[in-house]
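The next block holds one structure in the form of structure tokens; read it before the comments.
Bear in mind that the values in this text are calculations on the coordinates, not laboratory data. Please read these numbers as outputs of a predicted model, since none were measured by experiment. FYI the Cβ positions are ideal-geometry reconstructions off the backbone, even for glycines, and counts take in every protein chain you see.
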Amino acid sequence: MPLSARRRLAAACALAALIVPTGCEQVRSKIAPPQFEPPKITLDVGRRVESELGMVVSIDEAASRAGAWILAEGGNAVDAAIATAFALAVTHPQAGNIGGGGFMIIHTPEGEVDAVDYRETAPLAFDHDVFLDERGGLDRRKRSDPFLLVGVPGTIAGLHLAHEKYGSRSWNVLLQPAIDLAQKGFVVPPLLAADVYANREKLAMHPATRNLFFDAQGRPIEAGTRLVQPELASVLRAVATEGPDVFYTGWIAKAVAQHVENNGGLLRANDFARYDAKWRKPIRTEIATGELYGMPPPSSGGVAVPQILGILAGYQLGAIDPVGPIVAHITAEAMRRAFRDRAHYLGDPDFSAIPVADLLNQKHIDSMRESIDLARATKSGTLWPEPVPAGGTETTHFSVIDRNGMAVSNTTTLEQQFGGGIIVGGLGFLLNNELGDFNAKAGMTDARGNIGTAANLPDSSKRPLSSMTPSIFSRNGKVEVITGSPGGRTIINTVAQVLFRRILLGQEPTQCVWAPRMHHQWFPDQLVLERDRWPEQTIEQLKQRGHTIVYRDRLGSAQSIFRDEYNKFIGVGDRRRDGWAAAPNIILPAGYYVNKPKK
Ligand code: GLY
């Protein structure tokens, strides 16, 4: 029986009788989890780290260390990924989460590749008209109502699904670093303080969120102070000891649903009980004598990235300056065409037929390439007359590999930074506002470039289209690149550029991650360049070709791992945000510390 069916049964019996705690003091764990302390070894930690014993690269130093500790104790890449994901939910609340969702790709040492879809799902009561007013027009208040935008969180179900099949260490042990970070606290890094400040209005609107991120005088939390989260620690402890059911059918589901209902949202406890994370078949494409594995719909990156790379692979670009005007122009044109297809065809595959094979057919990719004019920018309006919907701006990606070559590429999100800013009193974690990733209204175009193509319209129990693009590139079954990024629709182009530089141009790992980036998404018809990073001459020539140039301070944050020709793993933290690579420099005997093998 699928997990959700088992849960429905359990929920029917249990929910009515459950006493929902109003504060963390009422949370009780059935068994006490083991106390986690860092093993007495040195980890290698930095922006660029080399190791043969495994690697974790994430946006946060404490989270990378948590995963690397699990590797040091002989845990595999999936174990380390689970520990890293839960640690990020504590130390990187901008996007790390248990209230959101994501996608994970797993590559085994034997060359098998699996994908977990733990995307958030719309409530049963959601429908096509959810963002419309009585007269059928777009209701902008509904479109941005954080309570209406909460989807059923998928993270705990997704991590647990991966653990059931691939985990080698006990589930509760893998949550222990996160529990400790929440219970004992951690020193707030400058990035978190800056992001809280930037989001202060949204975060101050919800009492439990305000209590967490502001002091008694209402000042946002500062870098260098200690952030302790006992309520989150209690929730994590319950999930560690009781498993996902406490989240999906127990008091956590009920408390979230009650709070959302009280504030006019549509999410209910039975939506939690019906949730299932899903195994999906990764999209496999052959490129540069290797295999690229990407996430299928409801992600769009697994289609768009091989389209972009397939277009670029048809040119002889090896000897040409990668930040010069020719490569920049062709790359922008490839992005423009991939995003046209994304807007028109992609959505939740459980709701409409998605022509993935046709979109990746070599003839289609060749025709995309043939339509590129090397001397002129194509006007997006001549490719297709409709613009695409806006995407989210905050997400986080981490990459993991263990000493046996098992790899995990995981991207997870709350949609915007800190989701909709909602923390339910007593629970300590932020809720996503992911359902804003649905198109607003069928056929509607507005000044920001939104559109309502059918495949991604809202619907009951549907998953919104995502740009998250966790990716793994391997040759002969051996993993060579693990990458992904946050950044809404820019994710796709960030991942494409990292892979382009590594697998088509053969560049050194730090160059692949740190080099200047660009972004084109068809509509708005403009080419986004990272500010102050592109040569003046390139910009001038792009303008002469007819590109409208706009600038952004940074594009993406690609926490990546590469394998070099000596079989060494190179972890590269993306300097644009705060990426950290961590690697064990010793592997302890199994069970040496607390990390006992799974029974
Ligand atoms: N919310 C960002 C994405 O899924 O693409």
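Efficiency by 1/(1 + (r/R0)^6): what FRET value for Glu286 and Glu370, r their Cβ-Cβ distance, R0 = 22 Å, to the nearest 0.05? The calculated FRET efficiency here is 0.60.
What is the sum of charges around Leu430, taking Lys and Arg as +1, Asp and Glu as -1, for the other residues whose C-beta is under 14 Å from the C-beta of Leu430?
Details: positive: Lys202, Arg210; negative: Glu120, Asp195, Glu231, Glu394, Glu415, Glu434.
So the environment of Leu430 carries a net charge of -4.
Here region 260-294 is scanned for amide nitrogen atoms under 15 Å from the site 7 Å beyond the Cα of Glu112 along Cα-to-Cβ, giving 279-282.
Filter the chain for me: DSSP H helices, axial length by Cα at least 15 angstrom, mean Kyte-Doolittle hydropathy not below 1.0. List them by residue number. All intermediate terms of the calculation are to be shown ahead of the outcome.
Details: long enough: 3-14 (16 Å, 0.40); 61-72 (16 Å, 0.60); 77-91 (20 Å, 1.81); 155-166 (16 Å, -0.04); 171-184 (20 Å, 0.24); 230-242 (18 Å, 0.52); 251-262 (16 Å, -0.02); 301-313 (17 Å, 1.72); 325-345 (30 Å, -0.39).
Flagged H segments are 77-91, 301-313.
Each of Pro509, Ser51, Gly167 was scored by the projection of its Cα onto the charge dipole of the chain, and the greatest displacement toward the positive side belongs to Gly167; charges sit on the C-beta of Lys, Arg, Asp and Glu. Look at the dipole of the chain built from charges on Cβ: of Gly426, Gly290, Gly302, the Cα furthest out on the positive end belongs to Gly426. Which distance in Å, rounded to a whole number, links the C-alpha centroids of region 178-254 and region 298-374? Cα centres, region 178-254 to region 298-374: 40 Å.
Using a cut-off of 14 Å between beta-carbons, work out the net charge of the residues near Arg554 (Lys and Arg +1, Asp and Glu -1, Arg554 not included). Could you put the intermediate results ahead of the total?
On the way: positive: Arg517, Arg531, Arg533, Arg552, Arg575, Arg576, Arg577; negative: Asp195, Glu394, Glu530, Asp532, Asp553, Asp574, Asp578.
Residues near Arg554 contribute 0 overall.
Rg/Rh, computed from the Cα trace of region 257-306 with Rh as the Kirkwood radius, has the value 1.31. What are the trypsin sites (Lys or Arg not before Pro) within region 89-153 that DSSP puts in a loop, where the Cβ has at most 11 other Cβ atoms within 10 Å? Here the trypsin sites (Lys or Arg not before Pro) that fit, given the DSSP loop and packing criteria, are Arg135.
Using DSSP to define loop residues, name the trypsin sites (Lys or Arg not before Pro) in region 303-404 whose beta-carbon has at most 13 other beta-carbon atoms within 10 Å.
Arg376, Lys379
For Ser460 and Arg575, the difference between the fully extended length at 0.36 nm per residue and the C-alpha to C-alpha distance is 37.4 nm. Normalised by the number of residues in the chain, the mean separation of alpha-carbon contacts (under 8 Å, six or more apart) gives a relative contact order of 26 percent. Binning all Cα-Cα separations of region 489-534 at 10 Å, short to long from zero, yields these whole-percent fractions: 28, 51, 20, 1. Which stretch or stretches of region 209-239 have amide N atoms under 19 Å from the point lying 7 Å from Val187's Cα along the Cα→Cβ direction? Counting backbone N atoms under 19 Å from the label point, the list is 221-229.
For the chain, what is the mean residue ellipticity at 222 nm derived from helices alone (per DSSP H run of n ≥ 4: -39500 (n - 2.57); sum divided by total residues; nearest 500 deg cm²/dmol)?
That calculation yields -9500 deg cm²/dmol at 222 nm.
Charge dipole of the chain (Cα centre as origin; +1 on each Lys and Arg Cβ, -1 on each Asp and Glu Cβ, all else neutral): 320 debye, rounded to the nearest 20.
For the residue pair Ala198 and Arg141, what label-to-label distance in nm results when each label sits 7 Å from Cα along the Cα-to-beta-carbon direction? Taking the two extended label points, one gets 3.0 nm.
Database remark: amide H of Thr121 closer than 5 angstrom to the amide H of Val152 (H placed geometrically; neighbours at sequence offset of 5 or more, or on other chains; Pro and chain starts carry no H). Among Ile401, Leu529, Thr494, whose Cα projects farthest towards the positive end of the dipole of the chain, with charges put on the beta-carbon of Lys, Arg (+1) and Asp, Glu (-1)? Positive-most Cα among the choices belongs to Ile401.
In terms of Cα atoms, the Rg and Dmax of the chain work out to 22.8, 70 Å. Summed over all non-identical Cα pairs, the Kirkwood treatment of region 500-575 gives a radius of 14.1 Å. The Rg/Rh ratio for region 108-148, using Cα coordinates for both the radius of gyration and the Kirkwood hydrodynamic radius, is 1.34.
How charged is the neighbourhood of Phe351? Take every other residue with its Cβ under 11 Å from the Cβ of Phe351, and add Lys/Arg as +1 and Asp/Glu as -1. Intermediate results must be reported in sequence, preceding the final value.
Details: positive: Lys462, Arg463; negative: Asp348, Asp350, Asp459.
Surrounding charge for Phe351 is -1.
Net charge dipole, region 291-413: roughly 260 debye, given to the nearest 20, about the Cα centre with Cβ charges of +1 for Lys and Arg and -1 for Asp and Glu. A straight chain from Val323 to Glu52 at 0.36 nm per residue would run longer than the Cα-Cα distance by 94.4 nm. For region 476-599, the relative contact order is 25 percent, taking Cα pairs closer than 8 Å that sit 6 or more residues apart in sequence and dividing their mean separation by the residue count.
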